[in-house]
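Novice: I'd like to ask you about the structure that follows.
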Amino acid sequence: MAEAYGRPYQLPSDSAYNESCANISNAMWSWRMLQLTGDARYADVMERVLHNAALSAISLSGEKFTYTNPLRFNGKDHFRMTTDRQARWTRHTCYCCPPQISRTIAGLHRWTYSTSDTGLWVHLYGSNRIETEVGETSITLSQQSDYPWSGDIRFEVETAPSGAFTLNLRIPGWCEAATLSVNGEAVDVAGEGARYVPVTRDWAAGDVVELSLDMTPRIVAGHPKVEEIRNQCAVICGPVVYCLEGADLPEGMSLNEVGLSADAVLTKKPGAGLFEGMTVLETNLRRRPKWSDDALYAPLSEINAETVTVSLIPYFAWNNRNDNTMMVWLPLQWS
């Protein structure tokens, strides 16, 4: 653990520093690169940070914080802890992270849209309303959605710009299928990867634009050069990264005993209790042989056929319960 750059493809899950402020600075850098290049990939990074790494630093109550944000946490057996120091705190000797989070959230209106000489660019999705001037004209646009839990986004033009005007809508790189319509008429969204779809027309007050992004949960793998996550997988749904927390395992079972099948079914469920208003993912995990002692090596055992049903929660919501052991990258079971 260090405040330093690692080697190329060095992405450890439990020993990476992943400081809260550094996570947010990644989004800040990407915002500046987006302004310079117009490349939608940078908006994808901003979105991924904002819906995951930035929010993981603050508790669901909004009153407690963490300084580091690992992708795997083993509790008191964690690499740098002899006590439960990863429990969230209300005060800290280095108090940079809470105000960094607060000012970032407060300033998100500056990251959501951009203007050019001929149009408006939509970078981030979520219910809001914008009134702005572009050149000699102005536009008022409202956006309604339950993003990131739903990919259905609705725009309505309240004040129309004069003459031809372009609305540029971002299609995220994680989205494998999207549909777009204006007043019920389909608009072509052809292309691949992160991109902006331009919609140019003479707009009128009351025009409605509807964008639908596919939010099917996906199992993803890392680059083979990332040794720390080889033969592991992670689960995402839209821009949200999910994790398994120890509190959602049967009593007496640890993170070290479970793995995710490559063909696992991921079912969306409405969150309850702490997770009300969120989407959780229900799936079956395969139980692996339990390591019986402290031996460094042991004969390879057959994979146990036992399965266990669990809920995966959004990564940003971890560390709000007593059993806060957690992993984002799960061992991959091929059979």
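Novice: Sort largest first and round to whole Å: the equivalent ellipsoid semi-axes of the range 200-335, each the square root of five times a Cα gyration tensor eigenvalue.
Specialist: Equivalent ellipsoid semi-axes, largest first: 35, 18, 13 Å.
Novice: I need the Kirkwood Rh of the chain: take the reciprocal of the average 1/r across all distinct C-alpha pairs and report it in angstrom.
Specialist: Radius from the Kirkwood sum: 21.8 Å.
Novice: Among TRP111, THR68, VAL226, which residue has its Cα positioned farthest towards the positive end of the charge dipole of the chain, with +1 placed on the Cβ of Lys and Arg, -1 on the Cβ of Asp and Glu, and the dipole taken about the Cα centre?
Specialist: Of the options given, the answer is THR68.
Novice: Can you list the aspartates and glutamates whose alpha carbon sits under 17 Å from that of LYS64, skipping same-chain ones fewer than 8 residues off?
Specialist: Those aspartates and glutamates meeting the cut-off are GLU19, ASP84, ASP323.
Novice: Taking amide H positions as placed in the peptide plane 1.01 Å from N, state which residues far from GLY271 in sequence (5 or more) or on other chains have amide H under 5 Å from it.
Specialist: GLY277, MET278, THR279, VAL280
Novice: Hey, can you find the accessible area per residue of the chain for me, probe 1.4 Å, expressed in square angstrom?
Specialist: Working: 17400 Å² over 335 residues.
Value for the chain: 52 Å² per residue.
Novice: Long-range amide H contacts for LEU312: which residues qualify at under 5 Å (H placed 1.01 Å from N, peptide plane, sequence gap of 5 or more or a different chain)?
Specialist: LEU281, GLU282, THR283
Novice: Using +1 on the beta carbon of Lys and Arg, -1 on that of Asp and Glu, and nothing else charged, what's the dipole of the range 19-176 about the Cα centre, debye to 20?
Specialist: Dipole size: approximately 960 debye.
Novice: Positive end of the dipole of the range 115-243, charges at C-beta (+1 Lys, Arg; -1 Asp, Glu), about the Cα centre: which of LEU180, ALA190, VAL235 has its Cα farthest in that direction?
Specialist: Farthest towards the positive end: VAL235.
Novice: I would also like to ask the following. Rounded to the nearest percent, how much of the accessible area of the range 117-246 (1.4 Å probe, protein heavy atoms only) is carbon and sulfur?
Specialist: Using a 1.4 Å probe with all protein chains present, the range 117-246 comes out at 44 percent carbon and sulfur.
Novice: Just add up the charged neighbours of VAL187: K/R +1, D/E -1, any other residue whose Cβ is under 13 Å from the Cβ of VAL187.
Specialist: Residues near VAL187 contribute -3 overall.
Novice: If you plug each phi of the range 57-65 into the Karplus form 6.51 cos²θ - 1.76 cosθ + 1.60 with θ = phi - 60°, what whole-Hz ³J(HN,Hα) values come out, in order, with x for Gly and Pro?
Specialist: Rounded to whole hertz, the list is 6, 10, 5, 5, 7, x, 10, 10, 9.
Novice: Amide H to amide H under 5 Å from TYR17: which residues, 5+ apart in sequence or cross-chain, H placed 1.01 Å off N in plane?
Specialist: Under 5 Å from the amide H of TYR17 lie the amide H atoms of ALA2, each far enough along the sequence or on another chain.
Novice: Quick one: Karplus J couplings for the range 245-257, per residue in order, coefficients 6.51, -1.76, 1.60, θ = phi - 60°, nearest Hz, x for Gly and Pro?
Specialist: 10, x, 5, 9, 9, x, 4, x, 9, 10, 4, 5, 9
Novice: Which log10 I(q)/I(0) values, to two decimals, does the range 78-212 give at q = 0.09, 0.18, 0.22 Å⁻¹ under the Debye formula with one point per Cα?
Specialist: -0.38, -1.01, -1.42
Novice: Defining a contact as two alpha carbons under 8 Å apart and six or more residues distant in sequence, what relative contact order in percent does the chain show?
Specialist: 17
Novice: If you don't mind, there's one more thing I want to ask. Applying the Karplus parametrisation 6.51 cos²θ - 1.76 cosθ + 1.60 with θ = phi - 60° to the phi angles of the range 133-139, what ³J(HN,Hα) value in whole Hz is obtained for each residue in order, glycine and proline being reported as x?
Specialist: Working through the residues one at a time gives 10, 10, x, 9, 10, 9, 8 Hz.
Novice: Here's something else I'd like to know. Hey, what number do you get for the chain at 222 nm if only DSSP H runs of n ≥ 4 count, each worth -39500 (n - 2.57), divided across all residues, to the nearest 500? Intermediate results must be reported in sequence, preceding the final value.
Specialist: Working: 4 runs with 41 residues, N = 335.
Helix-only estimate at 222 nm: -3500 deg cm²/dmol.
Novice: On a straight-distance basis, which aspartates and glutamates could pair with LYS269 in a cross-link, Cα separation under 13 angstrom, same-chain partners fewer than 8 positions away excluded?
Specialist: GLU282
Novice: Which FRET efficiency value, to the nearest 0.05, is calculated for ASN183 and HIS109 with the Förster distance at 22 angstrom and r the Cβ-Cβ distance? Numbers along the way, then the final one.
Specialist: Numbers: r = 27 Å, r/R0 = 1.24.
Between ASN183 and HIS109 the formula returns 0.20.
Novice: Among ALA247, HIS51, THR309, which residue has its Cα positioned farthest towards the positive end of the charge dipole of the chain, with +1 placed on the Cβ of Lys and Arg, -1 on the Cβ of Asp and Glu, and the dipole taken about the Cα centre?
Specialist: Going by the charge dipole, the pick is ALA247.
Novice: Would you mind calculating the gained length between ALA87 and VAL134 on full extension (0.36 nm times residue separation, minus the Cα-Cα distance), in nm to one decimal?
Specialist: My answer for the length gained is 12.1 nm.
The values are calculated or read from the model by the stated rules, or taken from the named source; none is laboratory data. Since the structure is predicted, the reported quantities are computational estimates derived from the model, not experimental observations. Methodologically, a virtual Cβ is constructed for each residue, glycine included, from the backbone with ideal geometry; neighbour enumeration extends over all protein chains shown. Heads up: the accessible areas ignore ligands, DNA and RNA and are worked out on the full protein's heavy atoms, side chains in. Shrake-Rupley method; radii C 1.70, N 1.55, O 1.52, S 1.80 Å.
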